Amino acid sequence: MKTFATPILYILLLLFISTGAVFAQTSQLAAKISGALLDENGKPMDYATVSLLKARDSSIVKGTLSSETGKYTFDHVNSGAYIIKATVVGYQAATKMLTVTDSSPNLIVPALKMLPGTQTLNTVSIAASKPLIEHKIDRTIMNVENSVLAAGNTAMDILERAPGVSVDKDDNISLKGKQGVTVMINDKLTYLTSAQLATLLRSTDGTTIQSIEIITNPSAKYDAAGNSGIINIKLKKNKQAGTNGTVTAGTGYGAYGKDNENLTINHKEGNLNIFGSFSHNDNKRIQNIGIKRIIPDSAGAPTYFSQSSPLIETDNNNSYRLGADYDLSSKNTLGFVASGYFNGEQDDIDDRTYIGPNFNQVDSSLRTVSAVHQTYHNIAFNLNDTYKIDTAGQELSADLDYSQFKNNSVAQYVTDFYLPDGSIQHPEAFLGNLTPSVINIRTGKVDYTKPLTKSLKFESGLKFSDVKTDNNLTEKTEATDPYVSTNHFIYDEKIDAGYLNLNKDFKGYSVQAGLRAEYTSSTANGDSANIVSVIPRHYLDFFPSLFIDHTINDKNEINFSYSRRIDRPQYDNLNPFVFHLDPYTYQKGNPYLKPQYTNNFEFNYTYNKNITLTLGYSKTTDVITELPGTDPATKISFVTQENLQVQNSYNVNIYAPYTIAKWWEGNVNATGFYLGFISNGLEGGNLNRGQAAYNIRTTQTFRLLKGFKAELTANYQSALTYGLFYVKPRYSIDAGISRSFADKKLNVKLSVSDIFNTLTNDVTSNYQSTNLDITQKRESRITRLTLTYNFGNNKIKAREHQSGADDEKSRVKGNN
């Protein structure tokens, strides 16, 4: 297939291939294929999906949509045998075989007639190979299902490799440099804090994931949470008749050994579809943390702290999912899903801190040995019903969800204090704490869709959520003492929401306008040192959205979008508990945090349906940001959360896929952005700082001889400023290779992440009395070998049911 490249694409390709290779491609002869689609009455079939497939293996070469007159065109098609395939909801697929030769530069395909989909179709098997990165108007899709690099990795590992996504040292997820990402699983919010979300993602096996959708500017149909957008993780769903399944087993090694196992079983017969999966992984890893701090006293004389903290973390993760869909009739589908996890984590830290008048002279030191054992348990239930009212697209769907999280942490810290000669300065200090946490989440949701005319569609919906968290911190200062409650924190939050969406198609234009309203009622109730504080909040917000799409011609398309978003504080950030890491370091929550609000503007230009340029601007007020601080009197450092006044974000993104040869495809995703922060009166000073930064990610896919497939991914994130932190550059290269055996039932994948072991999380902060430098090196170079075996029926039925369940979860702590 010939690759057509604009000057922008040529510039990007020069980073990876020689100029001669590019021009060699452009010199090939190519043909133009055109045709038309008709419905059962002989009228033009508009806006149908038309695909050009290779006849040899049914893999996708190009795709387009039919025009208002039912016509479609494929340019620059090389010689060969192809299949034209047309699909649209409610109709059977129409196909046509054809052959392109050098003597047929312009090929006109006879009109294809599409028939309603009420007839039963014969069983077919089409192997359409999706690209790893797929770009659409409103979202970027990472097709994980068949990726070599996904083998043996968890959902968190895969997410870190998604375009524009980064994960910091504390597992906070950022998109295009901005924090405040909402993570959904199967279109449902997770209602988890960053730590809980990290636990969930690390217990989710990568082989259960179908795709990851990155939506930077969601419509009013989605929850208003997430100032930088939504990341939607789609799990695999059974599309096959009969009984089938997948067994996966893998092993890996970095600094320590690792293993992962997964079993998925599906059974589909008649109107019933039953599915289930169980995943297990063991992961022992190390990370080395270094912290240097300079703390002035009230007279300005500095004290230097140099801290080294090797952390050995041992994780044992187990997750499960069991569900069923039943077609009560051709119009009504009822579904039920039960899912959850039970995970354990053991953290062993040997922390040494050296104190003196400079970094080369030590006056005293301390050593804190800590052992932290954490358990995470979750169980969730979903009941969903979808009713197709008529064949015109009118539909009603409903969801009910319940989730419970039970987390527990038992920690012991033993500290010894030393003089410069190594003698004990004074007796050891002991601190133990027990922190049980229970979170209950209840949600309900109804969505209604009605096409008013052929070009006008109305959508509306209602939703409620009720979240309650109960956290109790108990401590003791002697190993033999009983635990005593020092802080009890209960947070209750209720959100009632509704939305309206209107979609209208004009000639060459598509417009969608929406409005979402959310009423929030929350109460933070804390009992610390016998002092009870209650912080109630009640507020009503409106979140408008607007999307305008204009198709200029077959090759050029522009899109504008606007939406208003909200980010409410994570539950653990509201918790006023004080967690000590050692006698000179602690972190604490802030129950007075306010929600942050963002106005997002985005402009997209798409050339030839594959090269995309995006320009974006957003302004966030009351920005929730992690802030470091120091107490000059005690020389203690701490980290907490505060609201900064304003964050301004500008970004530009270019996405370009390309084909160098039949066996070599790739893409480049380059993002440039500027983050600026303004906050007057912050810690006695005025903050006004920002920095331009960029991220470049490229993926190369090689289809080698004898069924081998290889992938190479390179990523570079430049230095950036976020709040009071300056984040140093991060870069890595991953590679993998796979091969299928036994008629593609057995697949073997070998991958190496961070081949050159370059990935680090290094930050500095220098503001007012805060002067610190943090280095963190996690175990990142890991070699994995994964075997996957597919058993049972592998024939896909042409007619498949698409259920419409939509729900949520996303601000709890402990879901890796």
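Listed values, structure above:
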| item | result |
| --- | --- |
| Region 493-539, residues that are of a type in the set (Lys, Arg) and either surrounded by fewer than 17 Cβ atoms within 10 Å (Cβ to Cβ) or under 30 Å from residue 588 (Cα atoms) (or both) | 494, 504, 507, 537 |
| Inter-residue pairs, beta-carbon under 9 Å, first within 25 Å of residue 569 (Cα to Cα) and of a type in the set (Asp, Glu) and in region 454-469, second open to solvent by 40 Å² or more (accessible area, probe 1.4 Å) and part of a strand (DSSP E or B), 6+ apart | 466/442; 466/492; 466/494 |
| Residue match in region 455-474 (condition: out of contact with any Ser or Thr (no Cβ under 9 Å at 6 or more places or on another chain), assigned to a strand (DSSP E or B) and among the charged types (D, E, K, R)) | yes |
| Count of region 697-726 residues which are farther than 17 Å from residue 647 by Cβ, open to solvent by 60 Å² or more (accessible area, probe 1.4 Å), under 28 Å from the mean Cα position of the chain (by Cα) and not charged (D, E, K, R) | 2 |
| Residue that is farthest from residue 646 (Cα to Cα) [pool: residues in region 678-695 that are over 30 Å from the mean Cα position of the chain (by Cα) and open to solvent by less than 70 Å² (accessible area, probe 1.4 Å)] | 685 |
| Output for region 298-332, where each listed residue is open to solvent by 50 Å² or more (accessible area, probe 1.4 Å), in contact (Cβ under 8 Å) with a residue 60 or more places away in the chain and farther than 30 Å from residue 205 by Cα | 298 |
| Close pairs from region 780-793: first in contact (Cβ under 8 Å) with a residue 12 or more places away in the chain, partner acidic (Asp, Glu) and open to solvent by 20 Å² or more (accessible area, probe 1.4 Å), Cβ under 9 Å, at least 6 apart | 782/157 |
| Evaluation of residue 486 against (1) in contact with an Asp or Glu (Cβ under 6 Å, 6 or more places away or on another chain); (2) surrounded by 15 or more Cβ atoms within 10 Å (Cβ to Cβ); (3) closer than 30 Å to residue 221 by Cα (one fails), failing number | (3) |
| Within region 344-370, considering residues that are of a type in the set (S, T, N, Q) and part of a strand (DSSP E or B), the one nearest to residue 415 (Cα to Cα) | 368 |
| Yes/no for residue 108 being surrounded by fewer than 17 Cβ atoms within 10 Å (Cβ to Cβ), at pLDDT 85 or above, touching a Ser or Thr at 6+ places or on another chain (Cβ under 8 Å) and aliphatic (A, V, I, L, M) | yes |
| Output for region 652-666, where each listed residue is under 30 Å from residue 677 (Cβ atoms) and open to solvent by 30 Å² or more (accessible area, probe 1.4 Å) | 652, 654 |
| Residue that is most open to solvent (accessible area, probe 1.4 Å), among those in region 540-566 that are of a type in the set (Phe, Trp, Tyr) and in contact (Cβ under 8 Å) with a residue 40 or more places away in the chain | 560 |
| Residue under evaluation residue 34, criteria (1) part of a strand (DSSP E or B); (2) modelled with pLDDT under 80, criterion not met | (2) |
| Matching residues in region 253-297 - criterion: being in contact (Cβ under 8 Å) with a residue 60 or more places away in the chain, crowded, with 21+ Cβ neighbours inside 10 Å and hydroxyl-bearing (Ser, Thr, Tyr) | 277, 279 |
| Top-ranked residue of region 542-600 - restricted to ones that are of a type in the set (D, E, K, R) and under 26 Å from the mean Cα position of the chain (by Cα), ranked as farthest from residue 511 (Cα to Cα) | 572 |
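Quick grid of which residues meet (1) in contact with a strand residue (DSSP E or B) (Cβ under 6 Å, 6 or more places away or on another chain); (2) without any contact (Cβ under 8 Å) to a residue 24 or more places away in the chain; (3) under 30 Å from residue 573 (Cβ atoms):
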residue	(1), (2), (3)
392	yes, no, no
397	yes, no, no
400	yes, no, yes
443	yes, no, yes
452	yes, yes, no
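Per-residue answers, yes or no, for (1) among the hydrophobic types (A, V, I, L, M, F, W, C); (2) modelled with pLDDT under 90; (3) surrounded by 21 or more Cβ atoms within 10 Å (Cβ to Cβ):
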site: 574; (1), (2), (3): yes, yes, yes
site: 591; (1), (2), (3): no, yes, no
site: 594; (1), (2), (3): no, no, no
site: 602; (1), (2), (3): no, no, yes
site: 608; (1), (2), (3): no, yes, no
site: 612; (1), (2), (3): no, yes, yes
site: 615; (1), (2), (3): yes, no, no
site: 621; (1), (2), (3): no, no, no
site: 632; (1), (2), (3): no, yes, no
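The values are calculated or read from the model by the stated rules, or taken from the named source; none is laboratory data. Quick caveat, the model's predicted, so the values are computed rather than measured. Every residue, glycine as well, gets a Cβ built from its backbone with ideal geometry; the counts of neighbours run over all protein chains shown. Please note that ligands, DNA and RNA were not included when accessible areas were found on the heavy atoms of the full protein model with its side chains. Shrake-Rupley method; radii C 1.70, N 1.55, O 1.52, S 1.80 Å.
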